[in-house]
Every structure is written in C-alpha cells, then in structure tokens.
C-alpha cells in the first residue's frame with residue numbers, strides 16, 4: 001500500500017497507541033475515503049487538507065554504466081492537526097521529507113521537518129511542485145525533475161513517464177483492514193529516470209526506473225494493526241505488482257495486491273490472494289528475504305534486499321530499500337517494512 005504516513009509522528013504522542021504511528025486514531029472531524037471515487041486531475045495531485053494524512057512517495061531502482069545497483073527514495077508527507085488550512089503560523093498542516101540513497105554497502109538518509117502556512121514546504125497542483133526547503137519534485141507528471149540532499153549525499157534526477165497512472169483497490173479506493181479502513185491510492189509506476197548521484201566517493205551517472213505513489217486518508221489502519229510490509233515489483237517482461245501485508249496483534253495479517261500489465265491495465269486482488277512469508281532476517285531481526293506468491297498470476301518469487309541494512313533512522317524509524325527477485329519471474333523493486341523497531 002505504501003502507507004507512508006509516518007508523518008503522524010508529528011501528531012500528539014497519545015495518538016501513537018492506536019495502530020502503528022497513530023494510523024488507527026479516530027477521524028475526529030476529518031474527511032474519510034468512500035467507495036467509487038471520482039478523481040479530478042491535476043487537482044488531486046495536490047494536497048487534501050481535510051484529510052489527516054497524505055504523501056508523495058517516489059522510489060527508484062538505478063544502475064551505473066558498469067551495472068552496479070543503487071536505490072533512491074524521495075518522500076514528502078503531510079499531516080494535519082485539524083481538517084482545514086490557513087496561511088501563516090496558524091496553519092494546522094505539518095510536513096516531513098525523507099530522502100535516501102542505497103548502495104550495496106551504504107545507506108544514506110536525510111530528514112526535513114516543516115510547519116505549513118509559511119512557505120517552507122507544500123504542494124501545488126497546477127503547476128505541480130512538491131517541496132520542503134530546497135528539496136523538490138516538480139513537473140507535469142509526464143516529464144518531471146527531482147532533487148534532494150543530505151549531509152553526505154545528494155541527487156538531481158529527470159523522469160519521463162512511459163505508461164498511464166494506475167489505481168489500486170477498487171478504482172483507487174484501497175481497503176486496508178477487515179473492519180473497512182481505507183485510503184485513496186494511485187501510482188505512476190512507469191517512470192524512466194536518469195541523473196547524478198552525489199556520494200562521498202564522487203558523482204555517479206545513473207539510469208533506471210521509478211515508481212511514484214500518491215495516497216491520502218484519515219484513518220487507514222485498524223487499531224490492532226502494528227505495521228506493514230509493502231512491495232513494488234517490476235518484472236523483466238514489463239508487468240508490475242504492488243502488494244502489502246498488514247500485521248495484526250492477533251497474529252493474523254491482511255493482504256492486498258494490484259497486478260499491472262505492461263500496458264497499465266490493472267487487476268485488484270483482495271485479502272488472502274497474495275501470500276507473503278519472511279524467509280531470512282538481518283542482524284537487527286528485520287526480514288530482508290521474502291517469499292511472495294500470487295497463484296492467479298503464476299507468481300512464486302524470492303525477494304532479497306540489495307543492502308540488508310537499509311534502515312531509515314528518522315523520527316519514526318523503518319526499513320526501506322531496493323530489492324531483486326527471482327523464481328517464476330525475475331526483476332527488481334522496492335520493499336518497505338514498519339513495526340520492527
């Protein structure tokens with residue numbers, strides 16, 4: 001699901017007891033997603049301040065001229081203390097940015113925090129630009145540019161989409177629990193990406209593919225859901241798979257998946273259709289090898305991290321990094337895991 005709403009770490013601490021990072025907190029006057037959504041573009045690329053949480057989240061699988069693999073992350077989270085927005089310091093909107101570059105031996109991370117209403121961070125829909133300080137993702141969702149930097153890394157990237165937007169769940173209404181919690185969720189998983197990574201050993205020219213997620217909600221998780229394992233897989237034949245497993249305090253899990261053809265046609269899969277099993281742990285007891293099966297598509301793959309230690313040491317820590325997979329299909333993708341701290 002890519003439920004990247006770690007931004008809720010900026011909300012009152014009392015919220016954290018209800019679902020992971022407070023994502024099971026009661027809606028308290030915020031809007032909630034409803035079935036049969038009708039999206040309005042480009043407006044829906046912009047913020048929805050009447051919903052409590054929202055994110056613009058890009059991950060990329062890259063390689064240099066020698067075929068050395070890299071991963072890249074750029075994320076902007078919005079969280080609201082109240083369901084409205086105003087200019088100035090009275091704005092209840094809060095913003096957080098995460099950026100990372102992963103190599104086979106290192107994982108570089110940076111975080112930015114900002115208050116809304118003062119111009120330090122925000123999103124406009126037309127023309128589209130998402131920014132926090134000097135980090136930015138901007139363009140027309142066909143051709144885009146992206147930049148971010150930290151103490152020991154940076155990047156400038158160009159992106160071009162070669163396929164359509166895709167909508168998860170039922171036409172973009174993505175259910176997250178048996179109790180019916182949900183979000184609005186769509187992606188652009190068809191970006192070609194190229195640019196320069198700035199690393200301690202020097203600048204590196206890279207190319208690859210990128211996946212941009214858009215999601216917003218007010219209570220996407222149930223109170224008993226403690227974290228998630230989220231996969232975005234790009235197959236060598238051009239097909240793609242988004243899948244997630246939500247962990248519950250009763251030992252059960254809730255799963256969901258979207259099969260995406262090379263042309264961008266989608267098939268949603270309900271709870272139980274995707275089977276997700278951990279196979280191996282890193283030194284911090286975080287699972288970095290997985291078995292994913294989707295029998296309806298003949299998928300049975302083993303997913304493995306490029307770097308076992310891709311830990312995001314941010315305000316709310318989590319694991320996020322590039323992966324490869326093999327078995328019935330081959331390819332590469334990204335994995336996010338929360339609830340393992």
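Readers should treat all values here as calculations from the given coordinates under stated rules, not as data from a laboratory. Note that the structure is predicted; figures quoted are calculated from it, not measured. Note that each Cβ is placed from the backbone with ideal geometry, even for glycine, and that neighbours are counted across all protein chains shown.
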Which residues in the range 231-259 place their backbone N less than 20 Å from a point set 7 Å from the Cα of residue 192 along the Cα-to-Cβ direction? 234-240
Residue exposure sequence - 89, 211 - by fewest surrounding Cβ within 10 Å: 89, 211
Taking 0.36 nm per residue of separation between residue 66 and residue 179 and subtracting their Cα-Cα distance, the length gained on full extension comes to 35.8 nm
Looking only at Cα atoms, what is the convex hull volume of the range 32-185 per residue, in Å³? 145
Take the Cβ-Cβ distance between residue 252 and residue 291 as r, set R0 to 25 Å, and report the resulting FRET efficiency rounded to the nearest 0.05. 0.90
By count of other Cβ within 10 Å, fewest leading, how are 255, 302 ordered? 302, 255
With a Förster radius of 35 Å, plug the Cβ-Cβ distance of residue 160 and residue 134 into 1/(1 + (r/R0)^6) and report the FRET value to the nearest 0.05. 0.90
Can you pull the one-decimal nm distance between simple spin-label points at residue 309 and residue 106, each 7 Å off the Cα toward Cβ? 1.2
The Rg/Rh figure for the chain, Cα atoms and Kirkwood Rh, to two decimals is 0.93
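Restricting to Cα pairs below 8 Å that are 6+ residues apart, what does the relative contact order work out to for the chain? Please round to a whole percent.
Relative contact order for the chain comes out at 16 percent.
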Note the full-extension length gain between residue 261 and residue 90 as 0.36 nm times their separation in residues minus their Cα-Cα distance, in nm to one decimal. 57.0 nm
Using 1/(1 + (r/R0)^6) with R0 = 35 angstrom and r between the beta carbons of residue 82 and residue 143, what's the FRET efficiency to the nearest 0.05? 0.45
